[in-house]
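> Okay, here's the structure, questions in a sec.
The values are calculated or read from the model by the stated rules, or taken from the named source; none is laboratory data. This structure is a prediction, so every number in the text was calculated from the model and none was measured. Here the Cβ positions follow ideal geometry from the backbone for every residue, glycine too, while neighbour counts run over all protein chains shown. The area values use the complete protein model at the heavy-atom level, side chains included, leaving out ligands, DNA and RNA. Shrake-Rupley method; radii C 1.70, N 1.55, O 1.52, S 1.80 Å.
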Amino acid sequence: MTKHNRKKKKIDSYIKKESKPELKKEELELELELEEEELELEKEELELEELEPELEEEELELEELEPELEEEELELEEKHKTPIEPPTYINESTIEQSMEESMEESMEESMEESMEESMEESMEESMEESMEESISHNNNNNKHTIHTIHNMYILNLERQHERWTTITDKLKEVNNNLAYYQFNGIDASKINPNEMNNYVPINSKRFFMTPEIYAKARSHHSLWKNIVKEHSTKIDDNDTDAKKWFIILEDDAIIPDNFNEYIKSLEGFLNEIPSSILEATDIFNLSPTGDYHNSLNMHNKVMKMITKIGCLIKKKRQYSNDDIFNTDILQKKWSVINSNFPLCTHAYLVNIKQLKNLVTTLDTSKIYYHLDWMLNFEHLNINTILPIEIKRGGFDDATTSTLSNPAAAVKIFTMLHKELACDLGKPMINIIGFYQVNILIILYIIFILVWKILDIPSRLNDFFNRV
């Protein structure tokens, strides 16, 4: 029991004994309140006594810091001290000299400013004139049209991670500035044969179509639709659609080291090409093979002979392979070639207007053969842009040519010329959808006929007997 409680009990007993308990009670309660306040004060004093050691420690720390603070104050005072310079006495001659110097300086500054302004104006005028001249060349009607390459799409199969890594690593290596997107193509190994019924004519399915041919054509067709959907204007505006250009690559394309310079020059060249040529072109092939130019190497001469057979069968419209427009861009000759039968789709340039036409063409004709051959058979005007900087690759891991027959001939040609073997090994016909036959079968048949007609075995036998 505390002192306060004992006191309270005494008061209560005392109140009971007194005759005027109410008054006594009030007095005693006041006494109790006073005692309570005294107790609280005592507690506070005790707390202060406990805090005194801590305060002493802080005072000691402050005393220790005082010398450091004094040193810092001294350093600051020295820094802010500025030396007092002796007074300078000015006479008339010094005033004249200073006036002359200030006049000369102001004259020089004004001359320099005027020279800089005139130089900037002349540079701006010359740049504007050169830009205007580059946009309007010869009889080019698209004087106010600025053609731009928006971005690039790369066709790639989900399972072909190595190809995607190879091409993207190269783009990073050359510090590519053009935005690019991956578009997953249709995998031939996952195609349901019944799916082809909606897109392939019956005769083509029986004698020409393979899952590889179908998947490649459908992949490009799907990409064209996707670009048109994303980038075409809401209102049908052919003029605007004709200005938006896109580069389409397959994942086996080989990116050059000067890719940024090439894209910049290509965009500049687009703005130089006369509008009549742009309007008449359905695709610009950036890296063709086949019959696309009058000056061809051995590989393309072989392909030219084969395409001539196709032209006779399909009665294809013929083009001249002539240079229909050329100009110099960054001190390099650029040309548009009116190509007769350009092959390959691993690198080409198209705008929205052209893509709409390509989608309509494939929707109408359906997929009946190799895409590059089919585009030529449909009488599309496929022009070539030179120089060719983006090369064709993918010969080491290509599978289409390895599935056709005669397989032995493909293997032999691969050792001699990979690119030619890849083209000649592509299936020419597909008998009842099971047996793929390539163009080399013709050479094989010719060889057998010559072997029999000239009786090569007996001739060799006679030769060895005489020896």
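> Multiply the residue separation of residue 239 and residue 381 by 0.36 nm, subtract the distance between their alpha-carbon atoms, and state the gained length in nm to one decimal.
49.2 nm
> Could you derive backbone 3J(HN,Hα) for segment 209-214 from the dihedral phi with the Karplus parameters 6.51, -1.76 and 1.60 (θ = phi - 60°), listing whole Hz in sequence and x where the residue is Gly or Pro?
Values, residue by residue: 7, 10, x, 5, 4, 5 Hz.
> What figure, in Å² to the nearest 10, do you get for the accessible area of residue 228 with a 1.4 Å probe and non-protein molecules left out?
30 Å²
> Place a point 7 Å from Cα of residue 322 in the direction of its Cβ. Which residues in segment 263-294 have their backbone N less than 19 Å from it?
Correct set: 273-282, 291-294.
> Could you give the size of the charge dipole of segment 266-378 about its Cα centre, using +1 on the Cβ of each K and R and -1 on the Cβ of each D and E, expressed in debye and rounded to the nearest 20?
The calculated dipole for segment 266-378 is roughly 480 debye.
> Something else about it: Grab segment 245-368 and count how many Lys pairs have their alpha-carbon atoms under 26 Å apart, sequence gap of 8 or more, or different chains.
Value for segment 245-368: 24.
> Roughly how many debye, to the nearest 20, is the charge dipole of segment 157-218 about its Cα centre, given +1 on each Lys and Arg Cβ, -1 on each Asp and Glu Cβ, and no other charges?
220 debye
> With an 8 Å cut-off on Cα pairs and a minimum separation of 6 or more residues, tell me the relative contact order of segment 185-291 in percent. Please list the in-between numbers first.
Details: 23 pairs, mean separation 22.9, N = 107.
Computed over segment 185-291, the figure is 21 percent.
> Next question, about the same structure. For residue 296 paired with residue 33, estimate the spin-label separation in nm (one decimal), with each label point 7 Å from Cα along the Cα-to-Cβ line.
About 12.0 nm separates the two model spin labels.
> Another question, then. Tell me the relative contact order for segment 262-355 as a rounded percent, counting alpha carbon contacts under 8 Å between residues six or more apart.
About 38 percent, as a whole number.
> Hey, can you rank 212-218, 35-41, 365-371, 291-297 by average C-beta count inside 10 Å, highest first?
In decreasing order of mean packing, 212-218, 35-41, 365-371, 291-297 become 212-218, 365-371, 291-297, 35-41.
> Segment 354-372 to segment 147-191: how many Å between their Cα centroids?
Rounded to whole Å, the Cα centres lie 22 Å apart.
> Oh, and also: List the residues whose amide H sits under 5 Å from the amide H of residue 290, counting only those 5 or more places along or on another chain, with H placed 1.01 Å from N in the peptide plane.
343
> Under a point-charge model restricted to the Cβ atoms of Lys and Arg (+1) and Asp and Glu (-1), what is the dipole moment magnitude of segment 195-300 relative to its Cα centre, in debye to the nearest 20? If you can, show how the numbers build up before the last one.
Details: 10 positive and 17 negative charges, 103 e Å.
With Lys and Arg at +1 and Asp and Glu at -1, about 500 debye.
> What residues qualify as long-range amide H neighbours of residue 181, i.e. H under 5 Å apart, gap of 5 or more or another chain, H built at 1.01 Å from N?
Those qualifying (amide H under 5 Å, at least 5 residues apart or on another chain) are 152, 153, 154.
> Could you point to the residue in 286, 265, 297 farthest towards the positive end of segment 260-356's charge dipole, with +1 and -1 charges on the Cβ of Lys/Arg and Asp/Glu respectively?
The one lying farthest along the dipole's positive direction is 297.
> Could you give me the ³J(HN,Hα) list for segment 299-308, computed from phi with Karplus coefficients 6.51, -1.76, 1.60 and θ = phi - 60°, whole Hz, x at Gly and Pro?
4, 6, 5, 4, 5, 5, 4, 5, 5, 4
> Could you put 314, 205 in order of accessible surface area, largest first, with the 1.4 Å probe and the full protein assembly present? It would help to have the intermediate numbers written out before the result.
Details: 314 90, 205 60 Å².
Sorted descending by solvent-accessible area, the residues read 314, 205.
> Would you grab the residues whose amide H sits under 5 Å from the one on residue 329? Only those 5+ places off in sequence or on another chain, please, with H modelled 1.01 Å from N.
Residues meeting the criterion, in which the H sits 1.01 Å from N, are 334.
> Scaled to the compact-protein estimate 2.2 N^0.38 Å, what is the alpha-carbon radius of gyration of segment 151-286, rounded to two decimal places? Don't jump to the answer; show the numbers that get you there.
Working: Rg = 17.5 Å, N = 136, 2.2 N^0.38 = 14.2 Å.
Cα-based Rg divided by the globular estimate yields 1.23.
> Whole-Hz ³J(HN,Hα) for each residue in segment 287-292, computed from phi via Karplus 6.51 cos²θ - 1.76 cosθ + 1.60 with θ = phi - 60°, x for glycine and proline: what do you get?
Here the 3J(HN,Hα) series is 7, x, 10, x, 8, 10 Hz.
> What distance in nm separates the two pseudo spin-label positions at residue 178 and residue 458, each 7 Å out from Cα along the beta-carbon direction?
6.3 nm
> Sort 185-196, 272-283, 248-259, 57-68 by packing, meaning the average of other beta carbons within 10 Å per residue, with the highest value first.
Numbers: 185-196: 14.5, 272-283: 17.8, 248-259: 19.3, 57-68: 9.7.
Ranked by mean Cβ neighbours within 10 Å, highest first: 248-259, 272-283, 185-196, 57-68.
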